[in-house]
Structures are given as C-alpha cells and as structure tokens.
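See below for the structure under consideration.
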Amino acid sequence: MCGIVGYVGEETGAKDIILGGLKSLEYRGYDSAGIAMICDKKIVTKKKVGVISNLEKIIGDPEFDSNIGIGHTRWATHGVPSDLNAHPHCNMDNTVAVVHNGIIENYMEIKEELLRDHDITFKSETDSEVIAHLIGVYYDECGDLHDAVTKATKRMRGTYAIVVMSSKEPDKIIGVRKDAPLVAGIGKGCNFLASDIPAFLKYSGQVYFIENNEIVVVTKDEIKIYDEDKKEIHRDVFHVTWDVDAAEKAGYEHFMLKEIHEQPIGIEETLTRRLTDSGEINLDGISMTKEDIEKFDKIYIVACGTAYHAGLVGKYAIEKMAKITVETDVASEFRYRDPLIDEKTLFIAISQSGETQDTLQALRLAKSKGARVLSVVNVIGSSVARESDDVFYTWAGPEIAVASTKAYTTQLVCMYLIALYMARTKGTIDNAYYDRMITELKNIPEKLEMIFSQEKDIEKIAEEFHRNNEIFFIGRGVDSTVSLEGSLKLKEISYINSFAIAAGELKHGTIALVENGTLFFALATQDSLTEKMGSNIEEIKARGAYVISIAKEGNELISNLSDRCIFIPKCADEVSPLLTVVPLQIFAYYVAKFRGCNIDKPKNLAKSVTVE
Ligand code: F6R
C-alpha cells in the first residue's frame, strides 16, 4: 500500500525515472499519484487523483524536470482520494516535501500543536501532511535536514516509511522507516530510495535494506545509513538475482495469468532449493534442531487472506504427518485474543510480501512471549523474514498481480516440506510414506501442465457463468480449505458474491439459500470422502442447484452426480490442493475477464497491506 520512489542523480531525467518507478509499484494498490522535484532551487509539486496516466497528463512540460525528486502512489487511509490529499505534501514555505507510506497514529496531537504554536495552515485531510510541517518547523530551528528528520521521527508514533527533500539542501533525499518497507538502490552516478526493489531494478540490482528507525541519507554519490543518534551503520549490499523481465508480463495479457502459468516452475524451484539429490529435505540456513522439534507441543500458523488459506492446508499436513496440534489463525484475530504462547510454541508466519502489518505484529507478539518463529516468505529481506528466527523461502519469483496465485502454491509446498521434515524427525511416518510424498510433490509440476491443457474448457465454463451474481464453493477435509481460496479468488477479482463452506455444514443453515439454478463448485478430490461429498451434491441438486465439481480423473460417482466435472490428475489426497486450486484460479481469471474487471489491480485492494 502506497508506493514511494526517491531519486537523486547527476543530470535531469528524474521525472521519467520516478514515473517509471511508480508504475513498477502499481501492484501495491493506489488511488492517486504525485511527484515533487527541485526545479530552479524551488520545490514544484504535481499530484492527481486516479491512475498514474492522469498524473502524466499534467507533467508533460519538458521544463518540469530535475536531477532530484520524490514520487508517491497513495492508498487512502486518512482523507478521501483527491488531488489535495495525494502526496507529496509540503510545509508552509514550500521548502520541505515529504512522501509517506503508513499511518501516523498521533497525528492529531502533532497537528493541534502545529496549529496552536506555529499557526500552520493545513491543505489536506491526511495524517501525512503533519510530517512535512513538523520537519519544516524543526529545520527552521536547527538548519539541518538530517537533524530535523531525526527530531521529527522521534515525535511520530505509528508505522511509516518516509522520504523527504528540502530546497535548502538540494543535493539529497532522506528516508526513514518504522514497520513499513524502505530500500535504497545503488545506481551509477545516481541513487534511489523506494518501497520495493522493482521501482529501480532497471538501474540498480544492488540494494541496502533499511531497518526500523534507521535514517538513510542519499546523494548522487553515496548512501549513508545512520541510527537515531546519528551514528553511521555499516550494511552489506544485497545483490538482486532476478531481473526486470521476471517482473514483466512475458506476452500474457495479465500478470495474474502469467503467474498462474508460472506455478510449475515456482513449485519446482521451491522443491529444488530444499531437496537433495537423494530426496532428503535440507534445512540449510535454518537453525532449528531435532531437540527443538521434539520440544514443540503446539504450533500456531498465522497469516492473512490467501496465505491464511495456505496455513489451513499446513494444519492438515502437520497434524496428519507430524502429529502435533496446530492452530491456524488470521493474524488480525490472533493478535487480540491472548493466545497461549510459551517456549514450547512454534509460530509459523506465512506471507508473500513479508510486509503485512497484521502478520508482522502477530509475529512480534509471539516472539515476545518466547515462541520460536519460523516464517514462510516470498520477498527476500522483507520485514517478516528479517524478524523471524528462521525463514523457509518460497521461490515463486516476484508476484505482481494483487490476487495471489503462485505464492499460494509455493507456500503449500513449504508447508508439506515442513510437515514431512518434522514427521521424519519425530518418527511419526515411515520411509515409504516419506518417499511417496516426495515423489508426489515432484510430480506436481507435470500434472499442472495437464490442467493447463484444459484451460480453454474452463474459459468456456467461465463465459457461460460470468453473469451469475452468486457462487458457492463446498468441499470436505482439505478440499474445504481450497474452497475458501477458490471463493476468495473469484470475489476479489470478479466482484461476484461468493461464499465457501464446509460441505457438511451446509445443512446447518446455508442450504436455505439454495434454489433453482444456484451455482455450486463442489470440490471432491479426497478419495476417503468421495461418498460423503456425493451425498452433499445430491442434497443441493435436489433443491435445484447447478453443480460443477472438481474430482480426480476417473471418479465416475462424482462426475455422474454433477452437471459438469473438471478433472485433476490422480494424486495422493494430501497434495491435492496443489492441483485443485488451479482450475479455480483459471475460472476466476476468465470470469473477471468476461466481466471486464481490472484483473491485476482489483478495486479497493492492495498487494501489500502495510496498515492494520
Ligand atoms: C488474495 C491476496 C491477499 C493476501 C494477503 C496476505 O489474493 O493476495 O489475501 O494473501 O493480503 O498478504 P501476504 O501474503 O503478502 O502477507
């Protein structure tokens, strides 16, 4: 949420570089955009509500350019999306400009003080504007931008990544972060600050990760990182191994479709990184010992949205294989329910971005109470990764579409590997079972290609049903968790009211909604539950429902009972979610396409939810 780009270089050209950077951050979600540059020793700011092309229309003037500037895409929290509320925000005499991602919780208190003691006039309804005025006031007192920023951040409570520049020190941009992402990029004759690496990857693959409460001072020649007491900090450079192409569409119409098709490779990569040639799971870089694993008497898996759904599958896998009690919870609930945590607790956080505020705060709570923290994360060096005791990376590559697809399936792979590793260590599974599961996992990429060969058929089903106003998803066992994910995928990109429920729960209330033509997806991939699912399908069909089922090849019981059946290749029940979810992702994608929706950037959603 909110994207920040700051640039300082030798020559003019900041405008296009910043605009390009903002476009690379569009995936984070935004409702307005703005840019400020120092032109002829003065700060000039342009901002516009809506998409970045709206901003582009008002900054065409070639005179409006510089060698230094800051840009921002805003996702509204305080104040409606509007030109005035868009960032950058400036102080009264227009000598300080600020972009901000996050929320300043005590902004009212600071605002009242600025109104009372300094007669400041505010132009926007945002919390962020107070930062510009506060830094302006402190600058007037001390005459040094670094000191003014340090002093201001000591007053601010909440979450923030900010980038600041001043026309009085036109050679630098200064950034500071607390619980919101900020990275610095080392360019040639120029340097960058941004919310995420894709913003400057075209120019630099050498990155410094900025830590909480650090202040980074960036000129065209150098990047210096300081602590709150102005003591310089040494930081190793991180070298990015993926390239710009990996973050582009490679001929697909949408990132989401590209990412759906990248699942075989993401799964293979995630497996390869953790499996030796002989099929053993290696925990390189993870410090958890056999004794640690034997000590755990409870596991919490905590995450949000799609990552939470991956956690539900993780619960099935760990309980079934490693025989340890697992509770999976949404992070925003976990934080506020006094969970029972001690040194015997393993806390697993799952997050694609590694920046989700609720997940991060839940992790901190668990850590403060003595839990061991293992995270499953896609973005290397993200906050969740850095604050965990151990990290099990998913190797999905950059996920740009807001709707998560390849992150989910690679998260599942990690959960299976964690479950198998624990089970092996505890001796709760035998070698034959272990070997069978590893083979099952290794076969998934090939089986996914078989599902992709049915893409046209799924597209036709989507065309037929895209006008439906309501769709239900049901399943039993691990299928019930995949039905939650199928339903979320559909609602978030097509805006169809969809609802997922455990099939056995239907008759306890929800079945009241079934009438002639009500559309159901029935997930029936679990061999041991086929007959039970068959009964559930009969129950809804008897009330007029139209049923599209998903079942394993050759499951005639289910296909005969259903109006339509999409087959997945045969596999062990345990790993079926890796296959079952894919037709649902494809269905959601085409439904959204037939409805003319903004697939990669659905309304109201952000890729990285860095506020509570
Ligand atoms: C849905 C989706 C979200 C995220 C959730 C957590 O498609 O993408 O539900 O899964 O916001 O995000 P991460 O995994 O970045 O913590």
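Using the Cβ-Cβ distance between Glu612 and Lys442 with R0 set to 30 Å, the FRET efficiency works out to roughly 0.15.
Under 5 Å from the amide H of Phe392 lie the amide H atoms of Ser375, Val376, Val377, each residue being 5 or more positions distant or on a separate chain, with H modelled from the backbone and absent for Pro and chain starts. Extension gain for Glu63 to Glu463 (0.36 nm times residue separation, less C-alpha to C-alpha distance): 139.1 nm. In this calculation the C-beta distance from Ser535 to Asn497 is compared with R0 = 30 Å, giving a FRET efficiency of 0.70.
For the residue pairs Lys47/Lys123; Lys298/Lys320; Lys46/Lys172; Lys202/Lys406, the alpha carbons lie more than 22 Å apart in Lys202/Lys406. Close Lys pairs in the range 455-594 (alpha-carbon distance under 15 Å; sequence gap of 8 or more, or different chains): 8.
Among the protein heavy atoms of the range 63-189, carbon and sulfur supply 49% of the accessible surface, probe 1.4 Å, non-protein parts ignored. With all protein chains kept in place, the per residue accessible area of the chain amounts to 38 square angstrom at a probe of 1.4 angstrom. Comparing Gly251, Gly544, Val237 along the charge dipole axis of the chain, the residue lying farthest to the positive side is Gly544, per the Cβ-charge model. Listed by chain and number, the lysines whose C-alpha is less than 17 Å from the C-alpha of Lys295, apart from same-chain residues fewer than 8 away, are Lys323, Lys344, Lys367, Lys369, Lys426.
Converting phi to 3J(HN,Hα) with the Karplus coefficients 6.51, -1.76 and 1.60 and the offset θ = phi - 60°, the range 458-474 yields 5, 4, 5, 4, 4, 4, 5, 10, 5, 8, 4, 9, 8, 9, 9, 10, 10 Hz in sequence order, with x at every glycine or proline. Subtracting the Cα-Cα distance of Asp144 and Leu340 from 0.36 nm times their residue separation leaves 65.8 nm of extension gain. Treating r as the C-beta distance of Glu470 and Asn54 and R0 as 30 Å, the FRET efficiency rounds to 0.30.
When the accessible area of the range 455-594 is computed with all protein chains present and a 1.4 Å probe, what percentage of it is carbon and sulfur?
Ligands and nucleic acids excluded, carbon and sulfur give 47 percent.
The angle separating the long axis of helix 431-452 from the principal Cα axis of greatest extent in the chain is about 70 degrees. Straight-line cross-link partners of Lys607 among the aspartates and glutamates, defined as a Cα under 15 Å from its Cα and at least 8 positions apart when in the same chain: Glu26, Asp31, Asp196, Glu259, Glu355, Asp358, Glu399, Glu492. Between helix 478-494 and the chain there is an angle of about 50 degrees, using the helix long axis and the longest principal axis of the Cα atoms. Karplus-derived 3J(HN,Hα) values for the range 135-145, using 6.51 cos²θ - 1.76 cosθ + 1.60 with θ = phi - 60°, are 5, x, 4, 5, 4, 4, 7, 10, x, 9, 5 Hz; glycine and proline are entered as x. Convex hull volume per residue, computed on the Cα atoms of the chain, equals 157 Å³.
Near Glu105, the amide H atoms lying under 5 Å from its own belong to Arg157, Gly158, Thr159; only residues 5 or more places off or on other chains count, and H is placed 1.01 Å from N.
Once you have a ≥ b ≥ c as the square roots of the Cα gyration tensor eigenvalues for the range 515-590, tell me rounded if a/c is under 1.5, and otherwise prolate or oblate according to whether a/b is larger than b/c.
oblate
Applying both filters, DSSP loop and at most 15 other Cβ atoms within 10 Å, to the GluC sites (Glu not before Pro) of the range 272-302 gives Glu280. Express the carbon and sulfur contribution to the solvent-accessible surface of the range 250-450 as a percent, rounded to the nearest whole number, probe 1.4 angstrom. Carbon and sulfur: 49 percent of the exposed surface of the range 250-450.
Working note: Karplus 6.51/-1.76/1.60 with θ = phi - 60° gives the range 42-58 the couplings 10, 7, 10, 10, 10, 8, 8, 6, x, 6, 4, 5, 5, 5, 4, 5, 9 Hz, where Gly and Pro are set to x. Taking a virtual spin label 7 Å from the Cα of Met108 along the C-beta vector, which residues in the range 130-167 bring their backbone nitrogen under 18 Å of it? It comes to 130-131, 156-159, nothing else.
Considering helices alone, the calculated mean residue ellipticity of the chain at 222 nm is -11500 deg cm²/dmol, with DSSP H runs of length four and up weighted by -39500 (n - 2.57) and normalised per residue.
The values are calculated or read from the model by the stated rules, or taken from the named source; none is laboratory data. On a predicted model such as this, the values are computed, not experimentally measured, just so you know. For neighbour counting, all protein chains shown are included, and Cβ atoms are generated from backbone atoms with ideal geometry for every residue, glycine included. In case anyone asks, the SASA skips ligands and DNA or RNA and just uses the protein heavy atoms, side chains included. Shrake-Rupley method; radii C 1.70, N 1.55, O 1.52, S 1.80 Å.
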